[in-house]
Structure formats: structure tokens, C-alpha cells
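S.K.: This structure is in C-alpha cells; I'll ask about it shortly.
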Amino acid sequence: NEVVTAEYDYGSGTDSSSIYLLQDDGNGGLTRTPLFTWSPAAYGADDSVWIDPRFIGSAHGDVTGDGNIDFVFGSRYGPNDACIYGFMYNGGDITNPANYEFSIIDSAYSSGTSLWGKVAIGNIDDDPEG
């Protein structure tokens, strides 16, 4: 089994947020593979107007219905006070960042002090689309 985790890279010089794959290295430790780094600059935004995004909370499941595991992250800050982000695995080598797709699922909600700390995935209405 592997772990997918996100962190706010505070003090890194870029103050961005990154998603990493953690795997057993066979020696009692973990191999840490960066899969994605998100920052305002990644979306062509002016870093002086956005507070750097921070992933908070997560869930996993097959959101896209393609048989592959996908990840959803809540957040604090970003292009809006809080967004819901998707990190979809498209198959292939799990260590290759090209096999994942990052997207903003929802950025419409804003109260000025928002954050999405808990997220869950489920087919609430039991429709065939998921």
C-alpha cells in the first residue's frame, strides 16, 4: 500500500502546496515522490493578491468512474477563500506525475474566512454516474 499526502511547503521559498506519494523503501523508511506542486504562479496568477493555497482534509475513491483511485482535497486559501481540488489518477506508473490530473472542482463558495477541512466521497443518490 502507498500513501498520498499533501503539505503546505511553508518556508520552502515558494510557499506552495504539494502532493506526494509515499512508498515503503524496503529499509524501514519511506520514499517520497513529488507528484504535483500548486501555487498561484502555476495558474498564471499574481502571487501578491493570492494567499498561497493550503490543502486541508482529503478523501479518496473512484470519482471519475474509470476504475482508478482519485483524491479530493479541501483547502484554505487559493484562488478563492477555499476550494475543493481533485487529483485524479489516470492509470499507469504511480510515480509518474504525468499520470495524474489536477483540477479545481469547486471555487464558488466564499464567506471571507472559509476553509474546507473535511471532505468525503460517496454516491449519495445512487445514480449510475456515481
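S.K.: I want to confirm something. Restricting to the stretch 22-62 and keeping residues that are among the aliphatic types (A, V, I, L, M) and at pLDDT 90 or above, which single residue is nearest to I124 (Cα to Cα)?
M.R.: Among those that are among the aliphatic types (A, V, I, L, M) and at pLDDT 90 or above, it is A59.
S.K.: Also: Is it fair to say D81 is on the phi < 0 side of the Ramachandran plot and either at pLDDT 85 or above or open to solvent by 70 Å² or more (accessible area, probe 1.4 Å) (or both)?
M.R.: no
S.K.: Another one. Going through the stretch 94-108 one residue at a time, which ones are more than 21 Å from L22 (Cα to Cα) and assigned to a loop (DSSP other than H, G, I, E, B)?
M.R.: The answer is S107, A108.
S.K.: Would the stretch 86-96 turn up any residue that is surrounded by 13 or more Cβ atoms within 10 Å (Cβ to Cβ), β-branched (V, I, T) and either modelled with pLDDT under 95 or in contact with a Phe, Trp or Tyr (Cβ under 7 Å, 6 or more places away or on another chain) (or both)?
M.R.: no
The values are calculated or read from the model by the stated rules, or taken from the named source; none is laboratory data. This one's a predicted model, so the numbers in the text were calculated from it and none came from an experiment. Quick reminder, even Gly has a Cβ in these numbers, built from the backbone with ideal geometry, and neighbours come from all protein chains shown. The protein model used for the area step is the full one, side chains on, heavy atoms only, and it has no ligands, DNA or RNA in it. Shrake-Rupley method; radii C 1.70, N 1.55, O 1.52, S 1.80 Å.
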